[in-house]
Amino acid sequence: MNKGQMIAVLGGARETLRAVEWLTRAGANGVVIWGTGTDPVRTPFRDAPMVSLAETDAILDASHSFDEVTRAIAVARAPGVPYAHVGRAPWVPGPGDLWTEVQTLTEAVAALPSGARVFAATGRGSLDVLAAHDGPVFLRQLTRHDLPMPLPNGQFIFGNAPFAVADEVGLLTDLKIDVVLARNIGGAGSFPKLAAARELGLPAVVLRPPARPDGPHLASYEDVQHWVQSL
C-alpha cells in the first residue's frame with residue numbers, strides 16, 4: 001500500500017471503532033463516513049462526507065448490517081475500488097427456536113399472526129411498514145427520545161444493550177408478547193430477545209441480513225493488515 005492512499009470506513013455498526021483501530025495499527029490513512037441515522041463516535045480518523053469517496057482508494061465497510069443505502073451510495077460513488085467488510089456473523093437458529101426467516105420487512109409483517117402483540121427490534125424506519133399490522137406493536141429503541149408514536153396501537157420500549165436473557169423474558173412476559181420481530185444483526189448483545197422467545201416458546205419472525213457488495217470479510221487485525229498490504 002502506498003502511504004498516500006486513502007481508505008474510507010463506512011461507519012454505523014459497533015465494529016466501526018475496532019475497524020479504524022485495526023487500520024491504524026496496519027499503518028493506513030483513512031476517513032469515516034457515517035451512515036444516515038447512526039450516532040458517530042470519536043475515532044483516530046476524521047469524519048468525512050459521502051462526496052469524499054471520489055478520492056477514495058479502498059472501502060472498508062463497518063456500516064450497520066441493514067444499512068443498504070449507505071453501501072449502495074458508496075459503491076456507486078467509488079466504482080471499481082477495492083471493497084471489504086468487517087462485522088458480526090449472522091445468528092443461526094438452534095434447537096427450540098421457532099423462527100420464520102424472511103428477506104424483507106414487508107414479508108415479515110405479512111408473516112405476523114393477525115392481531116398478535118409484537119415485540120419489534122427493527123428500528124424507527126420500519127414504522128411505516130409496521131403500520132400494516134393490525135395488532136399492538138412494541139418497538140424497541142436504544143436511544144431515549146420524545147418522538148410521537150405514529151401507530152395507534154404502538155409503544156416505544158426503551159433499553160440499552162447488552163441485554164440479559166432473564167430481563168428479556170420478564171419484559172416479553174409483562175407485555176404479553178405473542179411474537180418477536182427482529183433483524184438478524186448477529187452478535188451477543190442483541191440476541192437475548194430471541195433467546196427469551198425460545199425460553200418462552202414464542203415464535204419469531206427474523207429478517208435475513210441483506211447481501212453486501214462483493215469483497216472479503218475481514219474478521220481479525222491480521223485479516224485487515226493483509227488486506228491493507230495488498231492494496
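The values are calculated or read from the model by the stated rules, or taken from the named source; none is laboratory data. Source: prediction; values computed, not measured. As a convention, Cβ positions derive from the backbone with ideal geometry for all residues, glycine included, and neighbour counts pool all protein chains shown. Accessible surface areas use protein heavy atoms only, side chains included; no ligands, DNA or RNA. Shrake-Rupley method; radii C 1.70, N 1.55, O 1.52, S 1.80 Å.
At an R0 of 35 angstrom, the distance between the Cβ atoms of SER52 and ALA164 translates into a FRET efficiency of 0.30. Across the chain, the mean sequence separation of Cα contacts (distance under 8 Å, 6 or more residues apart), normalised by length, yields a relative contact order of 23 percent.
Computed from the Cβ-Cβ distance with R0 of 30 Å, the FRET efficiency linking LEU147 to ARG25 stands at 0.15.
Most tightly packed first, judged by the mean number of other beta-carbon atoms within 10 Å of their residues, the peptides 29-41, 186-198 read 186-198, 29-41. Inter-part distance, the range 65-111 to the range 1-51, computed on C-alpha centroids, equals 20 Å.
Based on protein heavy atoms only, the chain ends up with 49 Å² per residue of surface accessible to a 1.4 Å probe.
For the range 1-69, the list of trypsin sites (Lys or Arg not before Pro) that fall in a loop by DSSP and count at most 14 other C-beta atoms within 10 angstrom reads LYS3, ARG42. Here the accessible area of the chain is 53 percent carbon and sulfur, with a 1.4 angstrom probe and all protein chains present.
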